[in-house]
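These notes are about the structure you will find just below.
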């Protein structure tokens, strides 16, 4: 059980407590309401109700109950490291690797590999997710930033929240997109039809994805996506929403698709301001071989 403290930012002044915390903690409003009922969330040291109107500067203390039964072991798994210093690490995650342990995935994750490689990692997200500031799906490849101490973690997380970090993806989608550029602005939340999926719903969280066409093929389009927000499965859900689901996506895609090892989605570019030096960092990772092979096949 870990106790954490956050401060309500000005942009969430007068927002309902449950809605504000759902956004800040990236959990559902119902989960926030459950924590409030259990007195696991305090506002300025006192219990509160979900409809409390937040004030800028309110100190929120919350308790995270972690699945401590999962014993996270260090494993000697090779890592494709693009950058590393005392504060941050940038790694190119391969397709098929889960980012952190969970039920059904207790070994072979990026965290298992990081624990073997690094002596110290940020502890803000607890024992299950040390150093993890943001995630990408198991079958999405590409760049991730990892925090090696709490100060770096807070800085990187704040940049994600303030939308000052850069995250660009390369995606191969079904169908030919006619527009050269576009923005998908549609709220994302848990699907009402299938709780295992996310979907575009009116009560969902604000979500925006910008895209630009890179190449058009027969029946497919290669695009570059830039995330303005970072919701669960955001690119996958948004592209399905506009009628151009990701090729190879087993959850949100179509049956007749390209042969691969999951969705053709790659986190190709990552940029952020270094937590200590203030230097602007930028990294690029090439498409994995299976993705490149698929494009070569389409070109033929």
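Nothing in this text is a laboratory measurement; each read-out follows from the coordinates by a stated rule. All of these numbers come straight from a predicted model, not from anything done at the bench. Backbone-built Cβ (ideal geometry, glycine too); neighbour counts: all protein chains shown.
So, in nm, how far is label residue 6 from label residue 210 when the simple model puts each one 7 Å beyond its Cα toward the Cβ?
My value for the distance between the label points is 2.5 nm.
Would you mind pulling out the separation of the Cα centroids of segment 220-273 and segment 94-109, in Å?
Segment 220-273 and segment 94-109 have Cα centres separated by 20 Å.
Using only alpha carbon pairs under 8 Å that are at least six residues apart, calculate the relative contact order of segment 67-162 and give it in whole percent.
That works out to 31 percent.
Using Cα-Cα distances under 8 Å and only pairs 6 or more residues apart, what relative contact order does segment 2-64 have, in percent?
For segment 2-64, the relative contact order is 52 percent.
I want to verify a result. In a Gaussian network model of the chain, Cα cutoff 10 Å, which of these has the top mean-square fluctuation: 186, 22, 247?
Between 186, 22, 247, it is 22 that shows the largest mean-square fluctuation.
May I ask for the percentage of alpha-carbon pairs in segment 226-297 that lie more than 20 Å from each other?
Summing the P(r) of segment 226-297 above 20 Å gives 45 percent of all pairs.
Can you order the peptides 154-165, 136-147 by their average number of other Cβ atoms within 10 Å per residue, highest first?
For the peptides 154-165, 136-147, the packing ranking is 136-147, 154-165.
Rounded to the nearest 500, what is the 222 nm mean residue ellipticity of the chain from helices alone, with -39500 (n - 2.57) per DSSP H run of 4+ residues and division by all residues?
-5500 deg cm²/dmol, from helical runs alone.
For segment 107-228, report the convex hull volume of the alpha-carbon atoms normalised per residue, in Å³, without decimals.
155
Once Rh for segment 135-206 is found with the Kirkwood sum over Cα pairs, what is the Stokes-Einstein diffusion coefficient at 25 °C and 0.890 mPa s, in µm²/s?
Roughly 157 µm²/s, to the nearest whole number.
With each pseudo-label sitting 7 Å past Cα toward Cβ, what's the residue 14-residue 274 distance in nm, one decimal?
It works out to 4.2 nm between the two label points.
Which of 190, 280, 167 ends up with the largest GNM mean-square fluctuation for the chain, with Cα atoms connected below 10 Å?
Judging by the Gaussian network model, the answer is 280.
With springs connecting C-alpha atoms under 10 Å apart, model the chain as a Gaussian network and identify which of 277, 229, 34 has the largest mean-square fluctuation.
Result: 277 has the largest fluctuation of those listed.
Report relative contact order for the chain in percent, whole number only (criteria: Cα-Cα under 8 Å, sequence separation at least 6).
Averaging sequence separation for qualifying contacts and normalising by length gives 14 percent for the chain.
Kindly identify segment 164-300 as rounded, prolate or oblate by the Cα gyration tensor criterion: order the square roots of the eigenvalues as a ≥ b ≥ c, call it rounded if a/c is under 1.5, otherwise compare a/b with b/c, prolate if a/b is larger, else oblate.
Taking the square roots of the gyration eigenvalues as a ≥ b ≥ c, segment 164-300 is oblate.
So what's the projected area for the chain, the Cα convex hull averaged over all directions, in nm²?
Taking a quarter of the hull surface, the average projection is 16.1 nm².
How tilted is helix 150-161 with respect to the longest principal axis of the chain? Cα atoms for both, answer in degrees (0 to 90, nearest 10).
So the helix axis and the longest Cα principal axis differ by about 60 degrees.
If you take all C-alpha pairs in segment 2-64, what percent of them are over 21 Å apart?
Roughly 6 percent, rounded to a whole number.
Report the percentage of all Cα-Cα pairs in segment 67-162 whose separation exceeds 23 Å, rounded to a whole percent.
16
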